[in-house]
Amino acid sequence: MPVAVVVAGANRNDFKLLRETLESIVLERPEPTAEQPQGMCLDKGYDYTEVREILKEFGFTAHIRARGEEAQAIKREAGFKARRWVVERTHSWMNRFRAILIRWEKKAQNYLALLHFACAYITFRQSGLLG
């Protein structure tokens with residue numbers, strides 16, 4: 001289920017949008033504890049000190065994999081699954097909406113509204129209420 005969406009130019013690095021994305025989470029998060037920490041799985045593109053500080057500020061434990069590290073884990077462990085696959089799958093689902101795939105809207109608010117609508121539809125479809 002998509003939990004946060006941020007609109008920015010395609011020429012901006014993803015790690016620079018991390019704070020905005022975390023601030024836009026619409027669900028009430030439970031307080032992380034030592035017994036139940038909350039992890040954030042990120043790839044090598046987020047391997048910066050600034051990112052780790054932001055995650056610590058928001059109460060997340062950073063899980064940042066280096067390039068090729070998951071490929072080695074897949075070879076070592078039978079049944080190993082990459083943790084970021086969920087995000088990539090959701091991006092694929094969102095790309096099925098033509099109005100989102102190519103941005104035609106001039107105003108960012110209109111595009112953000114379409115993204116929220118697509119996320120709501122994906123969540124409703126995945127809930128199994130459609131049959």
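Between F117 and E23, full extension at 0.36 nm per residue minus the direct alpha carbon distance yields a gain of 31.9 nm. Between the amide H of I64 and those of L42, distances stay under 5 Å, these residues lying 5 or more places away or on another chain, with hydrogens modeled in the peptide plane. Ligands, DNA and RNA are left out, and with a 1.4 angstrom probe the accessible area of the range 1-116 is 76 Å² per residue. Of the trypsin sites (Lys or Arg not before Pro) found in the range 8-113, the ones in coil according to DSSP and having at most 11 other Cβ atoms within 10 Å of their Cβ are R12, R67, K81, R96, K106, K107. 3J(HN,Hα) couplings calculated from phi for the range 50-55 with the Karplus curve 6.51 cos²θ - 1.76 cosθ + 1.60 (θ = phi - 60°) are, in sequence order, 4, 5, 4, 5, 5, 4 Hz; Gly and Pro show x. Rolling a 1.4 Å probe over the protein heavy atoms of the chain, with every protein chain left in place, gives an accessible area that is 53 percent carbon and sulfur. Rounded to the nearest 10 degrees, the angle from helix 108-126 to the longest Cα principal axis of the chain is 70 degrees. Taking a ≥ b ≥ c as the square roots of the eigenvalues of the Cα gyration tensor, the range 1-66 is classed as oblate, since a/c reaches at least 1.5 and a/b does not exceed b/c. For the chain, the spherically averaged projection of the C-alpha convex hull amounts to 10.6 nm². Per-residue ellipticity at 222 nm, computed for the chain from helices alone with -39500 (n - 2.57) per DSSP H run of at least four residues, works out to -12000 deg cm²/dmol.
Find me the longest stretch of the chain that has none of the exposed GluC sites (Glu not before Pro), where exposed means in a DSSP loop (not H, G, I, E or B) with at most 11 other Cβ atoms within 10 Å. That would be 78-131.
The values are calculated or read from the model by the stated rules, or taken from the named source; none is laboratory data. Computed from a predicted model, the values in this text were never measured in an experiment. Glycine gets a Cβ as well: all are built from the backbone with ideal geometry, and neighbour counts include every protein chain shown. When the accessible area is computed, the model is the full protein with side chains, heavy atoms only, and any ligands, DNA or RNA have been set aside. Shrake-Rupley method; radii C 1.70, N 1.55, O 1.52, S 1.80 Å.
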